[in-house]
Amino acid sequence: MKEVSQLSEYQFPSPEMAIASLRVPLDQIAERSGLTVETWEEHGLGRARGMFVQFSSGRVALLRELEHAIKHLGQEGPTIYVDAVAVASGVERLVAEILEGLGLPNSAVADIAPSDSRDVAAQLLTAMTRRDG
């Protein structure tokens, strides 16, 4: 397990994208990594719990669980969100880095974003550049 640190506040420079969901409960991840689970209200989605985690590479991910998804939709653990710019480098590589940093095996992944997420991220960033340019 590589060193990780928790950020109390963070804003992704570009839109966040979900890259995977885990089957390990957030509390277990926090305990094994020495992190603290935070709770907040997510507008329109209800109670959320999670944390921003910075990895040794400097990359930041949000691990977020929605209470409704855990209680009613069968989700077992948090969804991992990263900056859309990072997705352009490939989802599998990002997930591997996050799993290694958290000391989790590949089997901890319940679902992973499709390989075309890279293209979606690139299109999103292009659209943002045109809008802001």
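The values are calculated or read from the model by the stated rules, or taken from the named source; none is laboratory data. Keep in mind that this is a model prediction, so the values were computed, not measured. Methodologically, a virtual Cβ is constructed for each residue, glycine included, from the backbone with ideal geometry; neighbour enumeration extends over all protein chains shown.
So that you can scan it fast, the table gives a plain yes or no per residue for (1) modelled with pLDDT under 95; (2) under 18 Å from V4 (Cα atoms):
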| site | (1), (2) |
| --- | --- |
| E42 | yes, no |
| S56 | yes, yes |
| P78 | no, yes |
| D111 | yes, no |
| S115 | yes, no |
| A122 | yes, no |
Search the stretch 1-21 for residues that are within 13 Å of A84 (Cβ to Cβ) and pair each with any residue that is hydroxyl-bearing (S, T, Y) when their beta-carbon atoms are under 6 Å apart and the residues are at least 6 apart or on different chains.
E16/Y81; A18/T79; A18/Y81
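Of a type in the set (K, R), more than 23 Å from S14 (Cβ to Cβ) and either at pLDDT 95 or above or surrounded by fewer than 19 Cβ atoms within 10 Å (Cβ to Cβ) (or both), is that true of R47? So that I can check it myself, show each step before the final result.
Working: of a type in the set (K, R): yes; more than 23 Å from S14 (Cβ to Cβ): yes; either at pLDDT 95 or above or surrounded by fewer than 19 Cβ atoms within 10 Å (Cβ to Cβ) (or both): yes.
Answer is yes for this residue.
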Checking the structure you have, find out if any residue of the stretch 66-86 is without any contact (Cβ under 8 Å) to a residue 40 or more places away in the chain, touching a helix residue (DSSP H, G or I) at 6+ places or on another chain (Cβ under 9 Å) and of a type in the set (S, T, N, Q).
no
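Return a yes/no flag: does the stretch 23-30 have any residue that is of a type in the set (S, T, N, Q) and surrounded by 15 or more Cβ atoms within 10 Å (Cβ to Cβ). Break it down into steps so the answer makes sense when it comes.
Of the residues in the stretch 23-30, the ones of a type in the set (S, T, N, Q) are 28.
Those left that are additionally surrounded by 15 or more Cβ atoms within 10 Å (Cβ to Cβ): none.
Scanning the stretch 23-30 turns up no residue that is of a type in the set (S, T, N, Q) and surrounded by 15 or more Cβ atoms within 10 Å (Cβ to Cβ).
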Looking across the stretch 57-83 at residues that are crowded, with 22+ Cβ neighbours inside 10 Å and aliphatic (A, V, I, L, M), the single one that is nearest to S14 (Cα to Cα) is V82
Give me the strands (runs of 3 or more DSSP E) completely within the stretch 1-117, filtered to those with at least 2 residues that are of a type in the set (K, R), ordered by residue number.
46-55
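Return the residue satisfying two criteria in turn: it lies in the stretch 90-106 and is touching a residue at least 24 places away in the same chain (Cβ under 8 Å) and over 24 Å from E31 (Cα atoms), and of such residues it is nearest to the chain's Cα centre (by Cα). Steps first, please.
Within the stretch 90-106, the first condition is being touching a residue at least 24 places away in the same chain (Cβ under 8 Å), and the residues that meet it are 90-91, 94-95, 97-98, 100-104.
Retained after the next criterion (residues that are over 24 Å from E31 (Cα atoms)): 90-91.
Working: G90: 14, V91: 11 Å.
If we take residues in the stretch 90-106 being touching a residue at least 24 places away in the same chain (Cβ under 8 Å) and over 24 Å from E31 (Cα atoms), then V91 is nearest to the chain's Cα centre (by Cα).
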